[in-house]
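The values are calculated or read from the model by the stated rules, or taken from the named source; none is laboratory data. Bear in mind that the values here come from a model prediction, so they are computed numbers and not experimental data. Here the Cβ is made from the backbone with ideal geometry for all residues, glycine too, and neighbour counts use every protein chain on show. Note: accessible area is taken over every heavy atom of the protein model, side chains too, but ligands, DNA and RNA are not part of it. Shrake-Rupley method; radii C 1.70, N 1.55, O 1.52, S 1.80 Å.
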Amino acid sequence: MEKKCIVVGITGGIAAYKAAQLVSNLSKKYEVHVIMTKNACEFVTPLTFETLSHNRTIVDMFDRHFEYHTEHISLAQKADAFVIAPASANVIAKIAHGIADDMLTTTFLACSKPKIIAPAMNTGMLENPITQENIQKIHFNTKRKIDFQLNQNVKDLLVEECHGTIDSSL
């Protein structure tokens, strides 16, 4: 029986290092592919995720060191689910406005499977009306098919204690 495929997106922020445990745990049961933003690489290296997932970690959309195919489309089609954890305010804003300027946002927007976004930022950024508006915009435009997780499990991904809330009507 073929394993289900989970694509994990990792964005730039100190919580990126905690995504290693998430990838490790998921890899025990699923085929895991990791896509990192360039900013995420400032906090943890792609090699960490390659070791944990047993797959090449993708950072650069124009990397020429792979077999040619439209990688963001093939990963988007292969995925059974897509998780962005941690999700920075920057990537949430890009998704809300349809900006696909790197491998993570391009693949995320091309994927039609279930998605989870786990915001990880300081409370002031999370509670900022612009961030909240972007979260609401994503929910509205996807008819609530994207789940935002801010619960105890996701809080474990956060470095600084976060007491922010996401509007419960989402």
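All of (1) of a type in the set (Val, Ile, Thr); (2) open to solvent by less than 50 Å² (accessible area, probe 1.4 Å); (3) over 30 Å from Gln136 (Cβ atoms) hold for Thr45 with one exception: (2).
When Asn122 is tested against (1) open to solvent by 40 Å² or more (accessible area, probe 1.4 Å); (2) touching a His at 6+ places or on another chain (Cβ under 9 Å); (3) at pLDDT 85 or above, exactly one condition is not met: (2).
Considering only the stretch 63-75, I want to know if a residue exists there that is buried (at least 18 other Cβ atoms within 10 Å of the Cβ), at pLDDT below 95, closer than 12 Å to Thr107 by Cβ and not acidic (Asp, Glu). Yes - at least one qualifying residue is present in the stretch 63-75. Confirm whether Thr107 is farther than 20 Å from Leu22 by Cα and at pLDDT below 95. Answer is no for this residue.
Have a look at Ala85, Ala15, Ala40 and point out the one that is at pLDDT below 95 and touching a helix residue (DSSP H, G or I) at 6+ places or on another chain (Cβ under 9 Å). Exactly one residue qualifies, and that residue is Ala85. Given (1) surrounded by fewer than 15 Cβ atoms within 10 Å (Cβ to Cβ); (2) within 19 Å of Glu2 (Cα to Cα), identify the lone condition not met by Lys38. Going through (1) surrounded by fewer than 15 Cβ atoms within 10 Å (Cβ to Cβ); (2) within 19 Å of Glu2 (Cα to Cα) one by one, Lys38 breaks only (2). Of all residues in the stretch 13-33 being surrounded by fewer than 19 Cβ atoms within 10 Å (Cβ to Cβ) and among the small types (Gly, Ala, Ser), which is nearest to the chain's Cα centre (by Cα)? Applying the filter and picking the extreme gives Ala20. Of all the residues in the stretch 110-127, those that are in a loop (DSSP other than H, G, I, E, B) and touching a strand residue (DSSP E or B) at 6+ places or on another chain (Cβ under 9 Å) number 5.
Among the residues examined, Asp147 qualifies as surrounded by 13 or more Cβ atoms within 10 Å (Cβ to Cβ), at pLDDT below 65 and acidic (Asp, Glu).
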